[in-house]
Structure formats: C-alpha cells, structure tokens
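First up is the structure itself, then whatever we jot down about it.
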Amino acid sequence: MKSKIGIIISREYLQRVRKKSFIITTIATPILLLVLMCLPALLMNVNMTSVKEVGVIDPTGKIAEKLVDSPIANFTRLDINPDSLSNEAGFDAFLILPANVIERPVGISLYSRDASTMLLESYITQSLDDIIEQERLEAMDMGNLKSVLKEIEVNSSLHTFKLNDSNEVVNSSSTISYIIGIIMSAVLYFFLLMYGQMVMTSIVEEKSNRVLELIVTSVKPMQIMMGKIIGVGCVAVTQLAVWAFIIIGASMTLLPMIISPEIAGEVTAMGNGTLDFSQASMDIEGLQALSIAGDTGYLIGIFGWLLLFLVGGFLLYAAIYAAIGSAVENVQDGSQLQAFILIPLIIGFFASTTVAANPESGLAFWLSVIPFTAPMVMMTRIPFDIPVGEIILSLAILYASFIVMVWLAGKIYRVGIFMYGKKPTIKDLIRWARY
Amino acid sequence: MDNILEVYHVSKHFSSKTALDDVSLNVPRGSVYGLLGPNGAGKTTLIRIINYITAPDSGKIIFDGHELTADDVASIGYLPEERGLYKKMKVGEQAIFFARLKGMTKRDAEQSLHQWFEKFEISDWWNKKVEELSKGMAQKVQFIVTVLHRPKLLIFDEPFSGFDPINANLLKNEIMELHKQGSTVIFSTHNMASVDALCDEITLINDSRNILSGNVAEIRRREWGNRYSIQFSGDAGEVMRRSAPLTDRFDLLPAETDGLHTAVIVPAAGGAIRPVIQEINSCSDILSIQPVMPTMEDIFISTVNTYNAKHNINVEQ
C-alpha cells in the first residue's frame with residue numbers, strides 16, 4: 001500500500017513539473033529579479049557611452065568654467081552671439097544663461113539637437129544650483145563662511161551592531177533585515193496561497209470529473225489526499241530550491257565579478273569591524289546589503305528556514321484546502337469557503353510589517369506561535385537574529401498542528417468526496433469531521 | 001457451492017439514513033451475477049464496501065475464502081457508474097498510472113495495455129490527451145483499465161449507460177469473453193433489461209435490504225405463476241366455454257388474423273395443464289403452447305412494488 005502513495009505523489013509531481021509554464025516561471029523569476037537588480041548599474045554604463053557636448057553661452061563669465069565635465073556632459077564656453085548658434089558644429093546642445101542669472105536664475109534655456117534627456121537636465125540644474133549658491137555666498141563676502149559651513153555640515157550614519165548570546169558583536173542592519181523579512185514573508189504568503197489553491201483545485205477537478213471514483217477503488221482516500229498534498233508540496237519545494245540555487249549561485253560567482261575590488265575590500269573591512277565609515281565609498285546600508293548578498297552561509301541559512309516554514313505552513317494550509325476541495329463540486333464554491341483560510345494568511349502577511357518594525361514584541365511572539373500566522377511572521381523575524389529557541393518552538397507547534405489538521409482533513413475528505421449535489425457549509429464540514 | 005464472494009449481515013448507516021440493513025448474499029465463482037435495485041437502494045454502498053472503499057458498520061465480507069483485506073482490491077476490477085479520466089493527461093500514461101495503482105509493474109502494464117489497445121484498435125490514441133477523445137472513446141479506455149490486471153472478480157456499475165448500441169455490444173462481448181476465461185462478473189444496475197439474458201444469479205436490493213436472491217431460472221419458475229400461452233385456430237367462444245371449469249384464468253388476446261387466436265391461461269388451482277390441452281384440442285387445432293415466463297424486469301417491478309406496498313414506502317421520482 002505504501003508504494004501506492006508513491007504512485008500518486010509521482011503523478012502529481014511530474015504532471016506539474018513537466019509543464020512548460022512551471023519550468024519558465026521557476027527559472028525566469030530569479031533571473032528576472034537579478035536582472036532588475038543589476039539593471040540600473042547596467043543602464044548607467046550604457047549612458048556613459050553617449051556624452052553630450054554642451055556649448056555654454058555665459059554673459060556673467062562666472063559660471064561656465066565652474067560647470068564640471070562628467071560622463072553625462074562636456075561643457076565648452078562659447079563666446080558668440082546666441083543668434084549665430086546654428087553655425088556652430090560639434091555640439092549636441094546649447095545652454096544659454098541670462099546676464100543676471102546669479103541674482104535671478106530664471107530664463108535659462110537649453111537648446112538640444114536630439115531630445116534632451118532627463119539625466120542631462122537634472123545634472124545641469126543641479127550644477128547650476130550649486131554654482132549659483134556658491135557665487136551668492138561669496139558675494140556676501142562673509143570671510144570664512146564657507147569653511148564654517150563645511151565645519152557644520154552634518155551627514156551622520158549609524159552603524160548598528162548586535163550582541164549575540166555570547167556577547168560577540170554581530171553586524172546587523174535593521175533596514176536590511178526589514179527588507180529581507182518582508183520579502184520572505186511575501187514569498188511564503190504567495191507560495192502558501194498559490195500551492196494551497198493548487199491542491200484544492202486539483203481535488204475539486206478530480207471529484208467533479210469523477211476520476212476519483214476510479215482511483216478510490218485502489219487507494220484509500222487518506223492516501224490519495226496525502227499523496228496529493230505531498231506531490232504538490234514537492235513542486236513548491238522544487239521551485240524554491242531552484243530559486244535558492246540560482247540566487248546563492250549568483251552570490252558566489254556573479255557578485256564578485258560585478259563589484260569592484262575596492263568595494264569588496266570595504267565590505268570585508270566592515271565585517272572585521274575595521275572600516276572607517278567616513279572614508280567609505282558607499283553608504284553603510286549599501287555595504288551591508290552587499291555584505292549579506294555575498295554571505296553564502298547567511299543566504300543558505302535564510303533559505304533553510306524558509307524551506308522549513310514553507311513545508312510546515314504548506315502542509316497545514318494544504319490540508320484545509322484539501323478538506324474544502326473534497327467537499328465542493330466546483331472551484332467557485334471552493335473559493336467561497338476558502339475565506340476562512342485567507343483571513344489568517346492575510347493577517348500573517350500584513351502583520352509582518354508591524355512585526356518587522358518591532359520583531360521582539362509580544363505581538364510578534366504570539367503571532368509566531370499561532371501556527372496559521374507563524375510561517376509569515378517568523379520568516380519576518382528570522383533576519384533579526386531572534387533566539388533560535390523561539391524559532392524551534394514555532395516550528396514544533398506548526399508541525400504538530402499540521403498533523404492534527406491532516407487528521408481532521410482526512411476525515412472530512414473521506415466523507416466529502418462522495419457527497420454530490422449539495423453545497424456544503426462550514427457546519428457540514430465540522431459534522432463530517434466527527435463521523 | 002464455491003463462492004468467490006460472501007456477504008454476511010452487512011449494515012451501513014450514514015448520519016440520517018440507513019444505506020444497507022442486514023444484507024447477506026453469495027456470489028458463486030464463475031457466475032454472472034446481477035445486483036439489482038432501484039436508484040438509491042444501496043447497491044453502490046455495497047459495492048464500495050466490497051471494494052474496501054468504505055467499511056461496514058457491522059457484518060463481514062469473505063472474498064475468495066478469506067476475510068476481505070485492502071490487498072484484495074488488486075483481485076477486483078471495478079468500473080464505477082460515474083467515472084472519468086484526467087483530461088490533461090495522455091491516454092497511455094494515464095492507463096499505466098491506473099494499472100500501477102492496481103499493483104501492476106510499469107512493464108507489465110505497458111505490455112498488456114498495448115495488447116488491449118490493439119484489440120480495440122485504438123493504438124494511435126496512446127499519446128493523445130484524454131480531452132481530445134469522445135465520451136465513448138474514453139469509456140473504452142476506462143474499461144481496459146478496469147480489466148487490465150486480470151481480476152478474479154469484475155464489478156460493473158451501470159456498465160452500458162452512455163454507450164451507443166454498437167459499443168455497448170462490443171463491451172458486452174468483451175465482458176462475456178472475460179467471463180469465459182474464468183472471471184466472475186457482477187453487474188449492478190437498475191435497468192434489468194440490459195442484463196436479463198446475461199445473469200445466472202441475482203440479488204434484488206430495495207430499501208437497503210436484500211428482498212430477493214437466487215438463481216435466475218429458479219426465480220423465474222417460482223414467479224411464473226403457472227401461466228401458459230396457447231395458440232389455436234377454431235371457435236374461440238367454444239374453446240373458452242369448454243375450458244372454463246378447468247382454468248382459473250382464460251384471457252383471450254385480440255385476434256391477429258382470421259381464425260387464429262392466442263390466449264393466456266392458468267390451470268385451475270392444483271390442476272395440471274394436460275386436461276386443459278385435451279379439452280381445447282377436442283374443439284380446435286392447437287398450433288403452439290408454451291409457459292409464459294416472466295422477464296426479470298417484470299419480477300423486479302412486481303417484487304419492489306409488493307415490498308413497497310407492504311412497508312408503506314412512497315417512491316419518489
């Protein structure tokens with residue numbers, strides 16, 4: 001009999017994994033994500049190749065030479081009448097400043113041969129703002145004002161450390177943890193919802209097109225249900241594992257290739273606690289993000305927990321979805337009944353933002369021991385290095401409640417699959433569980 | 001007699017209704033057995049118990065000499081009344097899936113499936129998806145899946161509903177072929193006419209109980225009621241008058257052709273048919289005489305009606 005469950009599992013699994021849509025989403029999603037992350041940097045590179053030659057007509061004579069050449073634009077001062085601009089060759093654009101631009105910075109015009117770019121416009125306005133500000137300061141002639149301002153300029157940055165149980169210092173950043181926590185929670189939310197519904201839909205279809213009547217002659221209802229849940233669960237695990245593999249692989253191979261050795265050195269220095277942040281070429285958040293993205297051990301750890309909570313949460317929710325699927329005859333009826341699954345799922349997901357803001361609060365603790373919200377809430381908290389004991393407690397409760405839920409669902413399923421012609425209520429489901 | 005299946009005092013209750021009430025029956029090995037009864041009588045519940053899908057509340061099932069276990073489903077082939085296939089799955093792959101659930105190895109299943117597919121001339125369906133097949137085509141596949149593992153006991157629930165006459169006949173022949181090869185066959189149906197000529201033994205289930213069980217020939221003889229149909233030519237009035245003292249019933253059917261009459265007669269209580277024949281023969285020419293055997297359908301209807309009247313059951317529908 002044991003091998004029969006294996007036959008059911010392998011059918012459920014292979015039918016789904018072999019689908020083109022599954023293969024595409026599984027491989028394309030993480031690649032798309034990585035591309036999106038790298039896109040700004042890549043685009044920057046593309047833009048650098050097209051430096052705009054800008055001719056500047058500056059009656060004040062104070063501004064043009066202070067415009068700094070950059071990968072966006074090269075500035076050349078032109079001493080000509082604006083009316084004869086059309087004779088000047090070799091320029092992409094002309095910037096024309098009014099004579100009183102320092103006193104009244106309006107009426108500045110940019111003539112461009114191609115469509116002007118936002119990047120160029122913002123670079124020019126930014127530069128002009130700075131230059132004019134400087135000019136005005138100097139015009140006030142307040143002696144050392146410039147150095148005073150330099151002196152009082154504030155650009156604080158907070159580097160947070162966390163003391164772990166043995167009082168060692170651990171790098172930690174709430175912002176990065178927050179982002180990772182919310183992403184994990186969202187991933188779980190979508191996985192539980194998507195794959196849970198997949199179990200329900202598949203049971204409803206099997207029941208409504210009466211294949212079930214044939215299967216049930218050789219396999220016990222409980223085994224059919226478990227086979228289905230496990231089969232679909234394996235699909236979910238496969239998808240997550242492929243994602244983890246691609247992301248961790250990218251972190252090990254791609255990341256060292258993309259970031260410059262200078263930044264890599266800074267990341268290492270930060271890890272050792274020897275980095276002087278005032279000299280760093282990136283802000284702390286950026287360095288910490290890179291540090292985490294490059295920390296393979298950390299990534300494996302996060303995916304490991306994610307996998308454990310995915311499996312536990314999936315089994316719990318899939319059991320409920322299975323019970324509902326067995327009771328109804330079409331997916332629409334099922335959608336109505338699933339409201340009471342969605343509520344805890346949504347609470348768990350949306351509580352994540354609150355929990356991420358204060359991961360060690362009482363609310364966070366209680367939501368992580370309630371099995372229905374535990375997967376999402378706990379995955380939000382794990383990046384904050386909460387005590388492992390709490391994680392294990394949460395997992396233990398989750399897995400224990402999945403066993404109870406499967407047992408209950410099995411009882412409902414056994415009755416439900418032979419019930420036709422009547423739309424059941426939640427009351428009916430409870431009654432069937434008592435048979 | 002050697003029975004492949006024995007059902008002893010099986011009862012099954014659902015929350016508000018009784019599906020089976022102390023049902024016992026024996027299915028002789030090698031027989032074609034009819035499990036008859038109106039819709040909702042409890043036939044499907046009984047079949048589900050035999051297939052180990054649901055457990056009875058009380059009673060026991062003996063299959064092939066031992067108490068029924070879960071492993072026995074490998075020796076039973078069951079074609080449910082309501083059946084379907086996975087629409088998106090390929091025919092061959094799907095057939096192998098079902099065969100493996102019945103305990104066959106993949107290789108055996110494949111080999112034996114190819115034989116059946118050739119026999120039914122449907123080999124080119126192997127790689128088609130089920131949704132591309134017509135309903136009748138899908139039913140052929142289901143039939144193959146049901147019998148593929150060469151079960152000792154075959155159970156067909158309303159097997160011929162949904163088949164066109166040609167395919168129904170093909171199916172009937174295949175079933176009888178399997179029967180000839182040694183399988184015991186149970187037909188479960190409310191449509192007695194469809195299996196009348198096939199069954200050796202029957203059980204009639206009504207209102208969750210076994211109300212009539214036994215050999216078809218015996219039951220028909222018992223339910224026969226001593227009726228004869230006699231065909232003669234001559235003066236019908238004279239024949240009727242002269243045989244009246246010897247018969248309990250003399251129903252003259254409307255004449256078909258000139259001078260040729262048919263009558264259904266029942267000899268007087270305890271009386272034999274011979275004196276009646278002699279009397280009729282003395283005043284007319286007898287062309288034929290034969291007992292009027294009731295069809296199983298007649299017996300089915302009259303037994304159920306009698307039972308329902310006795311137990312004050314109002315049949316809905």
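Structural remarks
- Test: residue in the range B:29-42 that is more than 21 Å from the chain's Cα centre (by Cα), open to solvent by 30 Å² or more (accessible area, probe 1.4 Å), farther than 22 Å from B:Arg150 by Cβ and in the same structural domain as B:Met192 (by TED's automatic domain parsing): no
- Selected residue (criterion: farthest from the other protein chains (Cβ to nearest Cβ)) from residues of the range B:6-58 that are in a loop (DSSP other than H, G, I, E, B) and in contact with a His (Cβ under 6 Å, 6 or more places away or on another chain): B:Pro38
- Candidates in the range B:59-72 are the residues that are open to solvent by less than 50 Å² (accessible area, probe 1.4 Å) and in a loop (DSSP other than H, G, I, E, B); of these, the one that is farthest from the other protein chains (Cβ to nearest Cβ) is B:Asp64.
- Candidate set: the range B:73-108, residues that are part of a helix (DSSP H, G or I), in contact with a His (Cβ under 9 Å, 6 or more places away or on another chain) and within 19 Å of B:Ser183 (Cα to Cα); chosen: the one nearest to the other protein chains (Cβ to nearest Cβ): B:Ala74
- Qualifying residue in the range B:306-316 (condition: open to solvent by 80 Å² or more (accessible area, probe 1.4 Å), touching a helix residue (DSSP H, G or I) at 6+ places or on another chain (Cβ under 9 Å) and at negative phi): yes
- Of all the listed residues (A:Glu213, A:Glu206), the sole one being within 27 Å of A:Ile23 (Cβ to Cβ), crowded, with 17+ Cβ neighbours inside 10 Å and within 14 Å of chain B (Cβ to nearest Cβ) is A:Glu206.
- Annotation note: of A:Ile370, A:Ile341, A:Ile324, the sole residue that is among the β-branched types (Val, Ile, Thr), more than 23 Å from the chain's Cα centre (by Cα) and open to solvent by 10 Å² or more (accessible area, probe 1.4 Å) is A:Ile370.
- Wholly enclosed helices (runs of 4 or more DSSP H) of the range A:341-435 bearing at least 1 residues touching a Lys or Arg at 6+ places or on another chain (Cβ under 9 Å) and assigned by TED's automatic domain parsing to the domain that holds A:Phe190: A:362-369, A:388-416, A:426-434
- The range A:406-435, subset exposed (fewer than 14 other Cβ atoms within 10 Å of the Cβ) and at the interface with chain B (Cβ under 10 Å from one of its Cβ atoms), residue modelled with the lowest pLDDT: A:Tyr435
- Selected residue (criterion: nearest to the other protein chains (Cβ to nearest Cβ)) from residues of the range A:193-203 that are open to solvent by 10 Å² or more (accessible area, probe 1.4 Å) and of a type outside the set (Ser, Thr, Tyr): A:Met198
- When B:Thr54 is tested against (1) among the β-branched types (Val, Ile, Thr); (2) modelled with pLDDT of 85 or more; (3) surrounded by 15 or more Cβ atoms within 10 Å (Cβ to Cβ); (4) more than 30 Å from B:Lys129 (Cα to Cα), only condition (2) is not met.
- Residue identified as among the β-branched types (Val, Ile, Thr), at pLDDT below 85 and more than 30 Å from B:Gly40 (Cβ to Cβ) among B:Thr257, B:Thr247: B:Thr257
- Looking only at the range B:80-99, and only at residues there that are among the aliphatic types (A, V, I, L, M) and surrounded by 20 or more Cβ atoms within 10 Å (Cβ to Cβ), the one that is farthest from B:Ile50 (Cα to Cα): B:Val91
- Only a single criterion out of (1) within 27 Å of A:Ile246 (Cβ to Cβ); (2) surrounded by 19 or more Cβ atoms within 10 Å (Cβ to Cβ) is not satisfied by A:Gly304, namely (2).
The values are calculated or read from the model by the stated rules, or taken from the named source; none is laboratory data. Since the model is a prediction, treat every value here as computed from it, not as a measurement. Using ideal geometry, Cβ is built from the backbone for each residue, glycine included, and neighbour counts are taken over all protein chains shown. Surface accessibility is based on the protein's heavy atoms, side chains included, excluding ligands, DNA and RNA. Shrake-Rupley method; radii C 1.70, N 1.55, O 1.52, S 1.80 Å.
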